[in-house]
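The values are calculated or read from the model by the stated rules, or taken from the named source; none is laboratory data. The shown structure was predicted, so the numbers you read here are calculated from the model rather than taken from an experiment. Here Cβ is always computed from backbone atoms with ideal geometry, including for glycine, and neighbour counts include all displayed protein chains.
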Amino acid sequence: MKFNVCFVWTVIYVYFSELFPTQIRSLALGMTSAGGTIGSSSAPYIVFLCNKILKINPMIALGIIAVLGFFHVIKLKETKGKPIEN
């Protein structure tokens, strides 16, 4: 699992550094890092909420969040073979 997390963070930094122009690149990377921090901080609360209050398997809720994230990311444009904007 830890390998997958490290892989995703590596892909995010490489992909976002090519996706955004230079003027807003650091802002985009900062927002990505903030989103990851919020997600990793809220995961224990989601697990608690699922176990104690909703009485469902936490992996179902976290899986739904992952699928929603996938559908948001799949809409991003392809950057392969395109020059980096300045």
Review point. Tally time: how many residues in segment 33-44 are closer than 27 Å to N57 by Cβ, among the hydrophobic types (A, V, I, L, M, F, W, C) and under 11 Å from the mean Cα position of the chain (by Cα)?
Key: 1
Review point. Which one of these is assigned to a helix (DSSP H, G or I), in contact with a Lys or Arg (Cβ under 8 Å, 6 or more places away or on another chain) and polar (S, T, N, Q): S41, S26, S17, S33?
Key: S17
Practice item. Just need a number here: residues in segment 11-32 that are at pLDDT below 85, exposed (fewer than 14 other Cβ atoms within 10 Å of the Cβ) and within 11 Å of the chain's Cα centre (by Cα). Key: 2
Check your understanding: Quick one: how many residues across segment 38-86 are touching a Ser or Thr at 6+ places or on another chain (Cβ under 9 Å) and of a type in the set (S, T, Y)?
Key -> 0
Point to revise | Total residues in segment 44-67, condition under 20 Å from V5 (Cβ atoms) and outside any helix (DSSP H, G or I) | key: 0
Review point. Taking segment 68-81 as the search range and keeping residues that are surrounded by 10 or more Cβ atoms within 10 Å (Cβ to Cβ) and not in a helix (DSSP H, G or I), which one is modelled with the lowest pLDDT?
Key: T79
Check your understanding: Does N4 count as surrounded by 11 or more Cβ atoms within 10 Å (Cβ to Cβ) and over 19 Å from K77 (Cβ atoms)?
Key -> no
Review point. Which one is modelled with the lowest pLDDT among residues in segment 33-50 that are hydroxyl-bearing (S, T, Y) and under 19 Å from I64 (Cα atoms)?
Key: S40
